[in-house]
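**Q** Provided herewith is a single structure, encoded as structure tokens, for subsequent inquiry.
The values are calculated or read from the model by the stated rules, or taken from the named source; none is laboratory data. Everything numeric here is computed off the predicted structure, so don't read it as measured data. A quick note on method: Cβ atoms are made from the backbone with ideal geometry, for glycine too, and the neighbour counts reach across all protein chains shown. Side chains are part of the model used for accessible areas, which takes the heavy atoms of the whole protein and leaves out ligands, DNA and RNA. Shrake-Rupley method; radii C 1.70, N 1.55, O 1.52, S 1.80 Å.
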Amino acid sequence: METATTLEIASCSQRRVEAAADPADAKGPRTSHQQEAGSPSLQLLPSIEEHPKIWLPRALKQTYIRKAGETVNLLIPIQGKPKPQTTWTHNGCALDSSRVSVRNGEHDSILFIREAQRTDSGCYQLCVQLGGLQATATINILVIEKPGPPQSIKLVDVWGANATLEWTPPQDTGNTALLGYTVQKADKKSGLWFTVLERYHRTSCVVSDLIVGNSYAFRVFAENQCGLSDTAPVTADLAHIQKAATVYKAKGFAQRDLSEAPKFTQPLADCTTVTGYDTQLFCCVRASPRPKIIWLKNKMDLQGNPKYRALSQLGICSLEIRKPSPFDGGIYTCKAINALGEASVDCRVDVKAPH
């Protein structure tokens with residue numbers, strides 16, 4: 001159907017040419033030279049089998065972003081038969097052949113930039129033309145690079161363990177929007193840099209939790225899609241974190257009276273022993289001030305008797321009966337005495353002959 005339509009157009013054009021020639025024919029027959037001169041007007045237009053069309057990939061329907069130095073290689077499928085005429089423009093002007101190369105095939109057109117520069121950014125238009133028909137497509141290319149550093153940074157104030165910083169944005173954002181700023185600190189002793197804020201959007205901040213007694217320097221990087229700026233301004237002044245003078249006031253409190261009369265927390269236990277085997281008696285007492293311990297046997301003081309050894313340590317009282325005999329049996333008493341009172345405990349000891 002497209003071919004038939006084109007032929008009809010050509011036939012109409014031919015009839016219009018013949019109609020325009022009728023007045024001249026009325027005056028007389030043309031010479032053979034005049035007929036030859038008019039013959040090009042009688043030529044038919046070429047047959048268009050496929051209308052020109054551009055199949056723009058989906059990824060190119062939005063801004064195509066590349067980093068500086070990367071390759072731009074765009075393959076755009078096209079349609080048209082016979083082979084259409086293909087032209088590219090950059091921001092409405094012809095391409096710079098020293099930087100951009102184009103290859104046009106039967107079914108595609110390729111735009112190639114070996115190392116993209118920011119000047120290559122802009123609007124690229126592809127036009128496919130066939131006869132009086134044409135198709136166009138627009139591609140926006142954005143070439144970006146790392147941003148420049150912030151122009152300056154200033155230490156505004158230092159108080160307690162905090163420091164306030166201010167800086168100005170970079171002059172060059174790398175041909176794209178900034179993602180934020182990275183703030184770092186370094187103490188004078190180590191000189192090592194540590195990040196305290198990432199992708200921070202304001203141009204002022206407060207750095208907290210600084211160590212008392214240290215001195216700090218600060219720097220700020222700008223960041224975009226390509227990464228952090230290569231350099232960063234550093235504060236001219238150091239932030240000295242002073243140790244605050246503290247005055248300790250002891251709170252008054254009433255002295256607690258821990259004095260108490262003797263009290264046995266563990267009594268003596270009755271026991272049976274065998275003649276000739278050492279025996280020990282134990283009990284526990286609590287008192288303040290420290291009590292005096294007296295051991296008795298049948299209410300007789302054992303102090304100074306070499307057959308017995310008495311010990312008292314940390315409130316534990318013990319009495320060792322060395323090689324007891326049947327005459328050592330009886331009632332044993334432990335008595336504790338201090339200024340607040342006294343207490344005593346008893347036990348019975350039986351000494352049996354060995355079998």
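**Q** Can you tell me which residue within segment 217-231, out of those that are closer than 14 Å to residue 150 by Cα and polar (S, T, N, Q), is farthest from the chain's Cα centre (by Cα)?
**A** Restricting to residues being closer than 14 Å to residue 150 by Cα and polar (S, T, N, Q), the top hit is 231.
**Q** Further, regarding this structure: Scanning segment 178-199 for residues that are surrounded by 11 or more Cβ atoms within 10 Å (Cβ to Cβ) and among the aliphatic types (A, V, I, L, M), which turns out nearest to residue 214 (Cα to Cα)?
**A** Selected residue: 186.
**Q** Can you tell me which residues in segment 160-199 are in a loop (DSSP other than H, G, I, E, B), more than 28 Å from residue 120 (Cβ to Cβ) and in contact (Cβ under 8 Å) with a residue 24 or more places away in the chain?
**A** Here is the first cut: in segment 160-199, the residues in a loop (DSSP other than H, G, I, E, B) are 160-161, 169-179, 188-192.
Filter once more, keeping what is more than 28 Å from residue 120 (Cβ to Cβ): 160-161, 188-192.
Selection gives 160, 161, 188, 189.
**Q** Restricting to segment 200-216, and then to whatever is farther than 24 Å from residue 146 by Cα and part of a strand (DSSP E or B), can you tell me which residue is most open to solvent (accessible area, probe 1.4 Å)?
**A** So, considering only residues that are farther than 24 Å from residue 146 by Cα and part of a strand (DSSP E or B), the one most open to solvent (accessible area, probe 1.4 Å) is 206.
**Q** Here's another thing I want to ask about it. Only one of (1) part of a loop (DSSP other than H, G, I, E, B); (2) more than 20 Å from residue 225 (Cα to Cα); (3) open to solvent by less than 70 Å² (accessible area, probe 1.4 Å); (4) not aliphatic (A, V, I, L, M) fails for residue 70. Which number is that?
**A** (2)
**Q** For segment 83-98, which positions are of a type outside the set (Lys, Arg) and outside any strand (DSSP E or B)?
**A** Here is the first cut: in segment 83-98, the ones of a type outside the set (Lys, Arg) are 84-98.
Selection gives 84, 91, 92, 95, 96, 97, 98.
**Q** Can you tell me which residue in segment 241-273 is nearest to residue 337 (Cα to Cα), limited to those that are free of Cβ contacts under 8 Å to residues at least 60 places away in the same chain and among the hydroxyl-bearing types (Ser, Thr, Tyr)?
**A** The residue in question is 265.
Residue by residue, here is whether (1) over 27 Å from residue 142 (Cβ atoms); (2) without any contact (Cβ under 8 Å) to a residue 24 or more places away in the chain holds:
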| site | (1), (2) |
| --- | --- |
| 50 | yes, no |
| 55 | no, no |
| 79 | yes, no |
| 95 | no, yes |
| 98 | no, yes |
| 129 | yes, no |
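**Q** Shifting gears a bit: Go through segment 73-104 and give me each residue that's in contact with a Gly (Cβ under 8 Å, 6 or more places away or on another chain) and surrounded by 14 or more Cβ atoms within 10 Å (Cβ to Cβ). Please lay out each step first, then the result.
**A** The first filter runs over segment 73-104 and keeps only residues in contact with a Gly (Cβ under 8 Å, 6 or more places away or on another chain), leaving 90-91.
Scanning segment 73-104 gives a single hit, 90.
**Q** For residue 45, only one of the following conditions fails: (1) loosely packed, with under 14 Cβ neighbours inside 10 Å; (2) modelled with pLDDT of 90 or more; (3) outside any helix (DSSP H, G or I). What is its number?
**A** Answer for residue 45: the failing condition is (2).
**Q** Being part of a loop (DSSP other than H, G, I, E, B) and open to solvent by 40 Å² or more (accessible area, probe 1.4 Å) is the filter; apply it to segment 225-240 and report the residue that is farthest from residue 337 (Cα to Cα).
**A** 225
**Q** May I ask you to list pairs of residues, at least six apart or on different chains, whose Cβ atoms are under 6 Å apart, with the first in segment 204-233 being farther than 16 Å from residue 179 by Cβ and among the basic types (Lys, Arg) and the second being open to solvent by 50 Å² or more (accessible area, probe 1.4 Å) and in a strand (DSSP E or B)?
**A** Short answer, once both residue conditions are applied: 219/234.
**Q** Can you find a residue that is open to solvent by less than 30 Å² (accessible area, probe 1.4 Å) and at pLDDT below 95 anywhere in segment 55-64? If you could, list the steps in order and put the result at the bottom.
**A** Within segment 55-64, the first condition is being open to solvent by less than 30 Å² (accessible area, probe 1.4 Å), and the residues that meet it are 60.
Adding the requirement that they be at pLDDT below 95 leaves 60.
Looking for residues that are open to solvent by less than 30 Å² (accessible area, probe 1.4 Å) and at pLDDT below 95, one finds at least one in segment 55-64, hence yes.
**Q** Still on this structure, I have one more. If a residue must be within 30 Å of residue 115 (Cα to Cα), open to solvent by 60 Å² or more (accessible area, probe 1.4 Å), of a type outside the set (Lys, Arg) and outside any strand (DSSP E or B), how many such residues does segment 131-159 contain? I'd like the intermediate steps shown before the answer.
**A** Residues of segment 131-159 that are within 30 Å of residue 115 (Cα to Cα), as a first pass: 135-151.
Subset that is open to solvent by 60 Å² or more (accessible area, probe 1.4 Å): 136, 138, 140, 145-146, 151.
Applying the additional criterion that residues be of a type outside the set (Lys, Arg) yields 136, 138, 140, 145, 151.
In the following step, the residues that additionally are outside any strand (DSSP E or B) were identified as 145, 151.
Matching residues across segment 131-159 total 2.
**Q** Give segment 52-67 a look and list any residue that's assigned to a loop (DSSP other than H, G, I, E, B) and charged (D, E, K, R), or say none.
**A** Scanning segment 52-67 gives a single hit, 61.
**Q** Could I ask something else about it? Scan segment 243-264 for residues that are open to solvent by 80 Å² or more (accessible area, probe 1.4 Å) and in contact with a Gly (Cβ under 8 Å, 6 or more places away or on another chain) and jot them down.
**A** Selection gives 243 alone.
**Q** Working only within segment 282-340, note down all residues that are more than 14 Å from residue 263 (Cβ to Cβ), open to solvent by 30 Å² or more (accessible area, probe 1.4 Å) and assigned to a loop (DSSP other than H, G, I, E, B).
**A** 298, 299, 303, 304, 305, 306, 307, 314, 322, 323, 325, 339
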